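Notes to accompany the following structure.
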Amino acid sequence: MIETIRLIAAREITTKLRDRAFLISTGVMLLIVVGSVVVPLLLNGDDGHPKFRLAVAGSSATTIGETAKTVGAAAITAADVQEKADDQAGEDGLPLVTRAAETGVPAADLTLVNADSADAATALVRSEDADAALVETADGTLEVIGRDEVDSDLSTLITVAAQADETRAVLTEAGVGDDVLTQLQSTRPPGERLLEPGSPNEGVATVLSFAFAGLFYFTAIVFGLTIAQSVVEEKQSRVIEILVAATPVRLLLAGKIVGNAVLALGQVALLLAIGLAAASATGQGAAASLLLSSGGWFLLFFALGFVMLSCAWAAAGSLAARQEDLQSTTMPLQMALIIPFFLAFSFTDPGTGLKVLSYVPFTSPMSMPRRLLIEDASWWEALISLGIIAATGALLIVLAARLYEGSLLRTGTKTSIAAAWKREKQTSA
Amino acid sequence: MLELDGISRSFDGRRVLDGISFTVEPGRLTGFVGSNGAGKTTTMRIVLGILAPDAGTVSWKGQPVDREARRGFGYMPEERGLYPKMNPLDQLIFLARLHGVDAGAARRKATDLLEQLGLGDRLTDKLESLSLGNQQRVQVAAALIHEPALLVLDEPFSGLDPITVDTMTTILRTSAATGVPVLFSSHQLDLVERICDDLVIISGGGVVARGTVEALRHERAGARFRLVLGEDAGWLRDVDGIQVLDVDGPKALVELPDVSHDQQLLSVALNHGPVHEFSRVIPALADIYREVSQ
Ligand SMILES: Nc1ncnc2c1ncn2[C@@H]1O[C@H](COP(=O)(O)OP(=O)(O)O)[C@@H](O)[C@H]1O
Ligand SMILES: [Mg+2]
């Protein structure tokens, strides 16, 4: 019996793995995952901080440019230290959040380009060789020149640097020594401590939960249709009669579901693994660790949710006589996925709506992982939700298996649900 | 030996089979004949367990047939078809393994069988790319791949070209020669008459005739005689006690009240003139069939 299921599942899998369309679509999905991790980094620079090229002309502009560069670099260091501290705080469960990076100094990587004159610096901006220029005007004041705008981070950095230099000049004039100045500059702003911190990595969590919901929805539809098509193919080609003569209908159904579930789960696990690898390779530690901790839950919900639906997909397939009938026989199922998909995307903030959806079997594979990600639900809530999916799945499997058995041998025309349900002793075993 | 006993089956309240009983003996080709809609396919599906009977039993080797026994049966359904996008080799290996053959043996057997059927160079082409005739051959191979203990073929000759008909005949004979009971349905009576050993005719939901082809023909032969005389045979119409069915110049076909009256008829004819031919007419299967299935 197990051997028969394995055999049928293996046929489903090898058939699919030889299907060019399937291989191509998997490849495209892999590219999308890698792209969505890497592209934002390329846009931001590989360490995640913005990079600017600032053209400077004149000695005071150069001095302030140097200071801005130093301040920006210091903020980068502070932010990195902070990230590590956050990670550790998360592990220790300490709600201590000290955000040096939020003290107003943007973390940015500045490169200075020396220009001979204000005109030369302006030309650099115009030719897009510099993001902005800092020049001395004829009356001795400083001016920042941008093309259509000056990035606010860059502008803030220059302002901070100008103020610092001004302060330094005033203090030096007042006779304050260099050592005191150095001490003043290295003074760290006070850290912050939140009494009721929001969940850490809010942004990453949101992106991930949308990705999970999207993955569940698309995979359930794509592989669901695959199951339905594979059932119709056997009916339409008439090979079904040989299969039914050789093996009980229920094993046929079980093998089909196991085969496609393995494929679907394998594909999703592969996508998650690639996402994880891409995130850690590009130094996005927070995203990687969140993915690692929540991926397991997601896969669990995915697997149970998929099996719950797959039997219904097989039944929808068996009601059709030809591939063209699938459009209508799978309609109820497509609805049963599309509506929950939109609901799950409408209720994403903690609240009654999200809570209810996280227990309703068709939305819970999308909504419960979301709650787990934003730490709105604990593990036992997830287990209850999984239990509800399993129970619904068991019920659906019994109903769908009966429809499948009742319609499998009606190869002539589309079978109505009522006719399939009657079953009048179609098969003996 | 396969034995059907009192098989009945209705669809939507309409009784299609009403107490069908017959046997298929080891090593014999049994032809299963009946008009369209007589219930041949339904009967075969019941044998294979694809449909359940409303009443009656199917036995195999004296035991009610079960799942395990059925796994050893080979079946070629009336509605042909295999996986269109799978190649013949993988297809046959898959089906053999569904019937419980292990992987290595399945591969060997599939390769052998396809080579035997002249498909040795098409092993890994998609089935749908083969000609219709070659697809039929793969279909035959699918029924034989697990060396079945019983072979059931529903209209195996329909749609075959004459050469493939001969191949099919050879395959059926070879299978039967190894001691396998073979049951096949057909409405091509000349073919059935030529190749089968036993015959089962169904009509109106029941078996109307069964037995060896020879026995059936003699059983139903009656007392019909053919004469070829030296002159016009019209005078036979005036002979008392015989029924003249047909006269065509010197040839005549007559029916006697009993076979034992044959010598009397012969001497009357000889008294009248020369007799070139005098023979009993054994009806062809088609005649019997027409008679019993009215
Ligand atoms: N699944 C079914 N549902 C309803 N009627 C059926 C079914 N299968 C066969 N029949 C009916 O049973 C009768 C016998 O059909 P069948 O066994 O296919 O005859 P044959 O093979 O001798 O041509 C036909 O009248 C057919 O319409
Ligand atoms: Mg038929």
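Miscellaneous remarks
- Region A:233-251 residues that are under 13 Å from residue A:321 (Cα atoms), paired with ones that are assigned to a loop (DSSP other than H, G, I, E, B) and among the charged types (D, E, K, R) (beta carbon under 7 Å, 6 or more apart): A:236/A:322; A:238/B:79; A:238/B:80
- Any hit, region B:68-78, residues being surrounded by fewer than 14 Cβ atoms within 10 Å (Cβ to Cβ), more than 9 Å from ligand 1 (Cβ to nearest atom) and either closer than 25 Å to residue A:243 by Cα or outside the structural domain of residue B:188 (by TED's automatic domain parsing) (or both): yes
- Candidates A:68, A:57, A:75, A:61: the one that is under 30 Å from residue A:136 (Cβ atoms), modelled with pLDDT under 85 and buried (at least 17 other Cβ atoms within 10 Å of the Cβ) is A:75.
- Wholly within region A:314-429, helices (runs of 4 or more DSSP H) carrying at least 1 residues that are over 30 Å from residue B:10 (Cα atoms) and of a type in the set (Lys, Arg): A:352-357, A:364-373
- Residue that is farthest from the other protein chains (Cβ to nearest Cβ) [pool: residues in region B:184-198 that are out of contact with any Leu (no Cβ under 7 Å at 6 or more places or on another chain) and within 14 Å of ligand 2 (Cβ to nearest atom)]: B:188
- Residue in region B:50-66 that is within 12 Å of ligand 1 (Cβ to nearest atom), touching a Ser or Thr at 6+ places or on another chain (Cβ under 7 Å), among the β-branched types (Val, Ile, Thr) and away from every other protein chain (no Cβ under 13 Å) present: no
- Filter result for the condition that a residue is within 16 Å of ligand 1 (Cβ to nearest atom) and either free of Cβ contacts under 8 Å to residues at least 12 places away in the same chain or away from every other protein chain (no Cβ under 14 Å) (or both), over B:201, B:242: B:201
- Counting residues in region B:164-183 that are within 16 Å of ligand 1 (Cβ to nearest atom), touching a residue at least 12 places away in the same chain (Cβ under 8 Å), in the same structural domain as residue B:48 (by TED's automatic domain parsing) and not basic (Lys, Arg) gives one or more.
- Test for residue B:75: is it within 11 Å of chain A (Cβ to nearest Cβ) and more than 16 Å from ligand 2 (Cβ to nearest atom): no
Residues are listed down the side, and each one gets a yes or a no for (1) away from ligand 2 (no atom under 16 Å from the Cβ); (2) more than 10 Å from chain A (Cβ to nearest Cβ):
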residue	(1), (2)
B:79	no, no
B:86	yes, no
B:95	yes, no
B:98	yes, no
B:108	yes, yes
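- A single entry from B:208, B:228, B:239, B:254 fulfils the requirement of being within 30 Å of residue B:18 (Cα to Cα) and either β-branched (Val, Ile, Thr) or surrounded by fewer than 15 Cβ atoms within 10 Å (Cβ to Cβ) (or both): B:208.
- Exactly one residue among B:104, B:120, B:100 is touching a residue at least 40 places away in the same chain (Cβ under 8 Å) and not β-branched (Val, Ile, Thr), and that residue is B:100.
- Residue satisfying all of: in region A:136-174; within 17 Å of residue A:112 (Cα to Cα) and of a type in the set (Val, Ile, Thr); surrounded by the fewest Cβ atoms within 10 Å (Cβ to Cβ) among these: A:159
- Which numbered condition residue B:22 misses (of (1) closer than 16 Å to residue B:201 by Cβ; (2) within 12 Å of ligand 1 (Cβ to nearest atom); (3) among the aromatic types (Phe, Trp, Tyr)): (2)
- Within region B:2-39, the set of residues being within 13 Å of ligand 2 (Cβ to nearest atom) and surrounded by 15 or more Cβ atoms within 10 Å (Cβ to Cβ) comprises B:16, B:17, B:32, B:33, B:34, B:38, B:39.
- Checklist (1) closer than 20 Å to residue B:18 by Cβ; (2) away from chain A (no Cβ under 11 Å); (3) modelled with pLDDT under 95 applied to residue B:69, failing item: (1)
The values are calculated or read from the model by the stated rules, or taken from the named source; none is laboratory data. Everything numeric here is computed off the predicted structure, so don't read it as measured data. Virtual Cβ from ideal backbone geometry, glycine too; neighbours counted across all protein chains shown.
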